[in-house]
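The values are calculated or read from the model by the stated rules, or taken from the named source; none is laboratory data. Bear in mind that the values here come from a model prediction, so they are computed numbers and not experimental data. Because the Cβ atoms are built from the backbone with ideal geometry, glycine has one as well, and the counts that use them run over all protein chains shown.
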Amino acid sequence: MRSRHFTFGVEDARAGLPFRADYEKWDGNAQWNYERGRQWAMLVPPRVALKTPGDELSLTAIHWFKLNYEYIL
């Protein structure tokens, strides 16, 4: 969840955007993190922020990840 690619996935899914143009150039871990971010965004209410204003993962975001772990991974 701390990965910038996870954040990209969340942002893109919430904005209704397709995969990023450079997705195919990323390594496998970056692609998986992006995919997980997109999945998380689809399973979590939009009002749940991924990060706090201090750029830390929000406790609510972590809670939702744990609730949906089996669907995200």
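For every residue, the table says whether it meets (1) modelled with pLDDT of 95 or more; (2) loosely packed, with under 11 Cβ neighbours inside 10 Å; (3) in a loop (DSSP other than H, G, I, E, B).
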| position | (1), (2), (3) |
| --- | --- |
| ALA13 | yes, no, no |
| ARG20 | yes, no, yes |
| ASN29 | yes, yes, no |
| TRP32 | yes, no, no |
| GLY37 | yes, no, no |
| PRO45 | yes, yes, yes |
| ALA49 | yes, no, yes |
| ALA61 | yes, no, no |
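Being within 15 Å of PHE8 (Cβ to Cβ) and surrounded by 12 or more Cβ atoms within 10 Å (Cβ to Cβ) is the requirement here; does ASN68 meet it?
In short, no.
Any residue at all in segment 16-35 that's in contact with a helix residue (DSSP H, G or I) (Cβ under 7 Å, 6 or more places away or on another chain), of a type in the set (D, E, K, R) and within 18 Å of LEU67 (Cβ to Cβ)?
No; the residues of segment 16-35 include none that is in contact with a helix residue (DSSP H, G or I) (Cβ under 7 Å, 6 or more places away or on another chain), of a type in the set (D, E, K, R) and within 18 Å of LEU67 (Cβ to Cβ).
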